[in-house]
Amino acid sequence: MSASAPAPAATQAASANVIPFAETAARVSSRDTRPLRLITCGSVDDGKSTLIGRLLWDTKAVKEDQAATLARDSGQQNDLGLPDFALLLDGLQAEREQGITIDVAYRYFSTDRRSFIVADTPGHEQYTRNMVTGASTADLAILLADARAGLLEQTRRHATIAALMGIRQFVLAVNKIDLINYDKAVFEKIANEFREFALALGVKQITAIPMSALKGENVVLSGAEAMPWYEGPTLIEALELATSRSTQAGGFRLPVQRVVRPGESFRGYQGTVSGGSIKPGDSVAILPSGTVANVKQIVTFDLVRNAAVAGDAITLVLDRQVDVARGDMIVSIDGQPMTGASFDAQLVSLQPGGIEPGKRYWLKSGARRQRVTIEPVSQLELATGQWKPHASALAMNAIGKVHLSFEEQAVFDAYDQNRSTGAFILIDPDTLNTVAGGMVTAKRGGLGGIHRSKDGEQRVVLSLPADLAEQLMASELFANRRDETEIRRMTAAEAAEFFSGAGSDI
């Protein structure tokens, strides 16, 4: 069921008190049929598309009609008499003409042990945004390196972006090892250099594999005959052993997409569970209002459940009449997300116009859309992996750290805690184009922020209870600097409006 679509069967069943089947909590909680999502990254001609094509070919994921088309389109085949595997991924005419990947191509395949969704992403710097798109949902990244060239700047750039997007499992595929006569020393040099670099990014799980994607050595089939010195797993074995990122560990999250009222006796809140689990009787809070209620019933399109977990599209019924609207978030009462009007975030600029400081954008996260102002703080220099102060506009494909200032209360998790409720897109209100994708890193201090005066001088603004402010100003610490301090008395609404204008003149 689409969470945003009507669920007449579910609501009718609930209102008529007909329960066709109730799954047990143990059955629902133990279910995890999600495939492993992975991304391939590498420089042009490192062999990304060939590797994925080989992966699909050797796992029997290429159907007969696709194989016939592949043979027909391959034209001049290679010396091995094999088709051009890259054509399985490069679907755009421009990709085939230029021999490069431009868009993100997703493919599905499976083995007896597991199913996978692989994203083939572009290697060119100008298509960094597409690479970020593929990485945003991936559990694992395959970084390709040509054995003849070793680690390139582009390899480091892709590894840095993948780490920023929260990927913590890397496979280094040292491809074209056959072209250096299966030299063990070269492989180990590249593997050690990459491990040192990846560990500095915070990546702890790194598997380096020597392989020839074209010949299929150490991809699905073993390459032991050519590389008896390698005792590690093949690529497919490494993928089968990788872990999916769990969205069940944190608190319960249900961004409300729709309120349904088919009759006076039924009022439900529909959405897709973005984290954690829930069962009838659990206490929940509705954010941002903070109203508390208990779960009365969990309904899906064809049954009433005793529990629901991340990924389930459900209708939640509460035990009392409360004010819940589209865009609100229903959360577990003992593990709540961050709420506030100011957050820190990292974002990737996606449009040629870039991100302008001080401009008001629409920020969309789940079903909630809010006005926000962006204040750039720093920008990542991809060539060096260093963050540099950057307070001006962020150009297209730039990765920046920013401050987000809202005009009303916002609700987020940190992205590394929950990819769904910690992510957002920015929409230009003038063009309605999506201009950036971002990840919330932390809530900014709730006591105030740094504002820039008309002469460019930065001033720290604190929001404190009146009695505490008076005590601080009366202390010896502030006594000698009272002339430098400005005190404003505001209502809560005025303070929220004031702080939403971070970066503006005061």
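In terms of accessible area, using a 1.4 Å probe and ignoring ligands and nucleic acids, K48, K189, K401, K279 rank largest first as K189, K279, K401, K48. Taking all protein chains together, L152, L56 sort by accessible area into L152, L56, largest first [probe 1.4 Å]. Projecting label points 7 angstrom from Cα along Cα→Cβ for R195 and R320 puts them 5.8 nm apart. The simple spin-label model puts a point 7 Å past each Cα toward its Cβ; for T69 and A442 those points are separated by 5.0 nm. Taking all Cα pairs closer than 8 Å and separated by 6 or more residues, the relative contact order of the stretch 153-267 comes to 23 percent. Here the stretch 282-355 and the stretch 170-242 have alpha carbon centers that stand 42 Å from each other. Accessible surface computed residue by residue for the stretch 230-377, with neighbouring protein chains in place and a 1.4 Å probe, gives 39 Å² per residue.
Distance between the modelled labels on T384 and K296, one decimal in nanometres: 6.1 nm (7 Å Cα→Cβ projection).
Rolling a 1.4 Å probe across all protein chains gives R326 an accessible area of roughly 140 Å². Taking every DSSP bridge with both residues inside the stretch 131-241, close to 5 percent are antiparallel. With a cut-off of 10 Å between beta carbons, the residues surrounding N294 carry a summed charge of 0, where Lys and Arg count +1 and Asp and Glu -1. Each Lys or Arg adds one and each Asp or Glu subtracts one; over the other residues with Cβ under 12 Å from the Cβ of V411, this totals 0. Subtracting the Cα-Cα distance of R360 and L152 from their residue separation scaled by 0.36 nm leaves 71.0 nm.
Which pairs, out of K48/K364; K63/K176; K48/K189; K204/K279, put more than 30 Å between their alpha-carbon atoms? Result: K48/K364; K204/K279 exceed 30 Å.
At a Förster distance of 56 Å, what's the computed FRET efficiency of L432 paired with E225, Cβ-Cβ distance as r, to 0.05? Efficiency, rounded to the nearest 0.05: 0.45. Charges were assigned to the Cβ only: +1 to each Lys and Arg, -1 to each Asp and Glu. The resulting dipole of the stretch 164-235 about its Cα centre is roughly 260 debye. Taking the Cα centre of the stretch 295-342 as reference, the dipole from Cβ charges on Lys and Arg (+1) and Asp and Glu (-1) amounts to some 60 debye. This model, with +1 at the C-beta of Lys and Arg and -1 at the C-beta of Asp and Glu, gives the stretch 265-423 a dipole about its Cα centre of some 320 debye. 3J(HN,Hα) along the stretch 291-306: 4, 10, 8, 10, 6, 9, 7, 10, 10, 10, 5, 9, 7, 9, 10, 8 Hz, from the Karplus curve 6.51 cos²θ - 1.76 cosθ + 1.60 with θ = phi - 60°, whole Hz, x for Gly and Pro.
The candidates Y361, Y182, arranged from most to least accessible area with a 1.4 Å probe in the full protein assembly, appear as Y182, Y361. Any chance you could look up the accessible area of F301 with a 1.4 Å probe, heavy atoms only, rounded to 10 Å²? About 110 Å², rounded to the nearest 10.
The values are calculated or read from the model by the stated rules, or taken from the named source; none is laboratory data. The structure presented is a predicted model; accordingly, all values stated were derived computationally and were not measured. Positions of Cβ are generated from backbone atoms using ideal geometry, with glycine treated the same way; all protein chains shown enter the neighbour counts. Ligands, DNA and RNA are stripped out before the accessible areas are found, and what is left, the full protein with its side chains, is counted by its heavy atoms. Shrake-Rupley method; radii C 1.70, N 1.55, O 1.52, S 1.80 Å.
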